[in-house]
1. With a 1.4 Å probe and every protein chain left in place, work out the accessible area per residue of the stretch 594-723 in Å², rounded to a whole number.
2. With a 1.4 Å probe and all protein chains in place, put V412, V443 in order of accessible area, largest first.
3. Need one word for the stretch 574-707: rounded, prolate or oblate. Basis is the Cα gyration tensor (sqrt eigenvalues a ≥ b ≥ c); a/c below 1.5 gives rounded, then a/b vs b/c decides.
4. Quick check: the distance between the Cα centres of the stretch 88-132 and the stretch 455-488, to the nearest angstrom?
5. Return the FRET efficiency for the residue pair E83, E107: r is the Cβ-Cβ distance, R0 is 51 Å, and the value is rounded to the nearest 0.05.
6. Over the stretch 613-739, what percent of the accessible surface lies on carbon and sulfur atoms, probe 1.4 Å?
7. For the stretch 624-715, which GluC sites (Glu not before Pro) are in a loop by DSSP, counting at most 14 other Cβ atoms within 10 Å?
8. Where Lys and Arg each count +1 and Asp and Glu each count -1, what net charge lies around R417 among other residues with Cβ under 15 Å from its Cβ?
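The values are calculated or read from the model by the stated rules, or taken from the named source; none is laboratory data. Model, not experiment: these values are computed from the prediction. We place every Cβ from the backbone using ideal geometry, glycine too, and count neighbours over all the protein chains shown. Surface accessibility is based on the protein's heavy atoms, side chains included, excluding ligands, DNA and RNA. Shrake-Rupley method; radii C 1.70, N 1.55, O 1.52, S 1.80 Å.
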Amino acid sequence: MFLFVPNKISNQSSHQRTDSNYSSISSEFSQILSSTEDEDSAIQAEDEVETKVDLPILLKLQKRVKELEGENQSLWKKLGKKEEAQQEKAKEVEIQTTFGRTELDVEKLKRQELESENKKLKQNLNELRKSLTSENSDLAPPAAGSLPYNILLEQLSSSNEELELRKEEVLLLRSHMVRQEALKHRDSVLGESVKLDLGEIHSLQDLQDSDRSTNIHTLNEDGELWLAYEGLKETNRLLETQMQEQECLHSEKYRKLTEEMNKLRSEKEHQQKLLATSLLLPEDARIDASLKHEITRLTTENLERMEQQQKQDKTIRKLKKQLKLYMKKVEDLEANARQTISSSETSMPVRPVHIARKEKEFQGMLEFKEDDTGHLLKNLVVDLKPRGVAVSFTPGLPAFIIFMCLRYADSVNDDRRLSTLLNSTISSIKGVIKRKGNDFEVVSFWLANTCRLMHCLKQYSGDEVFMVHNTAKQNEQCLANFELTEYHQLFGDLAIQIYRQIIKSMENILLPLIIPCMLEHEAEQGVLGSKPTGLRKRSPSCPDEALTVEVLLQRLSFFHTTMSQHGMDSDIIKQVVKQQFYIISAVTLNNLLLRKDMCSWGKGLQIRYNVWQLDEWLSERELSGCGAKETLEPLIQAAQLLQIKKNTEADAKAICSMCSSLTTAQIVKILTLYTPVIEFEERVSNTFIITIKNLLKDRAESSNLMMDAKKIFSVTFPFTPSSVALETIQIPASLNLGFLIRV
C-alpha cells in the first residue's frame, strides 16, 4: 500500500508536464509501465479487496500511458520528416554548386582559348614587325607608300582591331566569372536550420579562399580590371558633370521663371490697384485714367524695344567694322600674293648677284631747282587725288615733302627760292579749294596738310617753346638761315579759310538729311507713330521715305573716318564735330517751331530717341567732351517740353526751370503749336501760356524765335608736333617727283 501511493503521485506529477518534455522522458514511460505491471501482479496476489478498491486508478494510468506512447510516436515521425527535408535542401545546394562549377569550368576553357588565340596574334604581329624592320633579311623591306607596304599596314590595322575585340570579350568573360564566383559564394551559405560539421565548414572555407585568390590573380593578370575600374570612374565623372550642367540649366530656367512670375504678379497687383481706384472715379475720369495708363504702358514698351534695337544696331556696327578689317586683310594678302607671283615670273633665271650699296645718312631735305617749283606744285597739289594718297601713304605726306624742299632752300641760303615755294604753295592750295570746294574729301585733305605744314614751320623754327617737344635729331634739323614767323600767320589764315569751306561743304550734305531723319521719320508705330488729330498728312521734305537717323549717323561716320585718314589733328576734328551737331540741332529746332504737325507728345519722344542715338555715336568715338552734346541741349529741352505736363502752375515753374537753353519766344511758340495726339488729351490753355510768360518776363535773353543755323564757332589750331623723322620719308613713284633728290 505504501509502495502504490508514490507511484500514483509520480504519475500525477508526470501528467502535469508540458508537451515539450515528452521527448526527453520517453524512456521513463516504459520503465513506469513495467514497474506498474509488476506492482499490479503483486497487489493481485496479496488481497482481492484491495484490487477492487485500486482498479479504477490502474485503468486510468494504463490509458494515460497509451496516450503518451502515441504522442511519442508522432514526435518521432515529425523528426524524421524534418531530417528528410534537410537532406533534400542539401542535395539542391549540391546540385546548384555543381552546375555553377560546370559553368565556371566552361568559361575558364573559353577564356583560355581566347588567351591562346591572343598570344598567337601577338606572336604573328611581332613576326610581321620583325620582318618589316629586319636589316639582315635577304629582301629589302618595302618602301613606304608601296603596294606591299600598304597591304601589310592594312593587315596590321585589321589585326589590331581583332585584338581589341578579343580583349573586350576577355574582359566581359572575366567580369561574368567574377559574378559567378560571388553567386557561388552566396549560395554556399546554408540556412540556419542546416547544421554542418565544423571541420567540413573550415575545409570548405579554406577551399573557397584558395579558389578566390587564384581567380582574382588570373583575372587581374594584365591589369584589365584596373583599366575597367578607371573607365567606370571616368564615366561616373562624365555623368556627374552632365548632371551638374543640367542642374545649372534647370536652376537658370527656374530663376527666369521666378522673375517672370514675380513680374507678372506685380503687374497683376498694379492692375488690381488701378481697377480698384478706377471704379471709385466717375466715368470721364475713369476713361482718362485708363488712357493715361495705356499710353504709359505703350511708351515703356516702345522704349524697351528702342533699347533692344539700339543694342542690335551697335552689334551690327561692330560686326561691320570687323568685316571691313577682315576684308582689308584679305585684300592685302591677295595683293602680296599677286606681287610675289609677278616678281617670281619676272625674275631672271640666272642666279641674282647682290650688289652692296654704301649706307648714306640722309638729312631730311629734298634738293630741287627753282625752275621745278611749278612742276612740283602741279604734281603735288593741283593734280593730286586725295583718295589714293590718304589710304596708301603717310598722313600729311605733301606737307612733309614741301617742308623738306624748304629746308633745302634754307640750307643753301636761297631766299628767293624759299619765298617762291611758300607763296606758290599758298596760291595752289587756294586754287584747289576754290575749284573743288564742294568736295568734302578734297577740302578735308588740304585742311589737314595745311595745318601740318604750319606745325612743321613752328616745330623746326628753332624757337625754344616748340623745340621742347622735339627729339635731338629734330632739333638738329631746325631752319638755320631764315625766320618764317610771318608765314605762320599766313598759313593760319589759310587754314581758317579752308575750315569755313569744310563746314559749308558738310552743311550742303547734311541739310537734305536732317529734317527727314530727325523729325519726319516714324521709327515706331503706336504712340510714336500717331499723327495729331485734325491735320492732313504732309509730304516729307525728302522724296526718299527710307531716311532714318541711321543714315544721318552713317554720313557723320564718313566725315569722321575721312578726317582721321587724312591725318587731321584730333582738336580740329572735335571742333568740326561740334559744328556738325550745332547745325543738326538748329535746323531741327527751327523746323519744329514752324510745323504744327510736329509739336506732339509722340514726336517729342521720337526726337529724344534720335538725340540719344547721336549721343551714343559720340561716346563710341570718344568725342563726348568736345562740346557737341551741349549744342543739342535746346533740342532736348524742346522734346521734353512736348512730353511734360502742362496744366498747373507747378508745371509752369518746372518748365521754366527746365528750359534754360530755350528763349521765352521759343517756349511760348512750342506750347501754342502743341497738338494732342488723341481726342481725349487737352490742348494747352491760354491761361497756362500767360503764366509761363509772366514767370519768364524777367529773363535776360534774345527775342529771336529761330536759331542761327549759319553760325560758325570760332576755330583754333593748337600746336601739334609730329614724331615722323624727315630722313625716313620715302617719295612714292606714283607722285611723279623723280626730279627731287634726297639729301
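1. 49
2. V412, V443
3. It is prolate, given that a/c is not under 1.5 and a/b is the larger ratio.
4. Distance between centres, Cα-based: 98 Å.
5. Efficiency for this residue pair is about 0.90.
6. Carbon and sulfur: 51 percent of the exposed surface of the stretch 613-739.
7. E679, E682, E701
8. Net of charged neighbours comes to -4.
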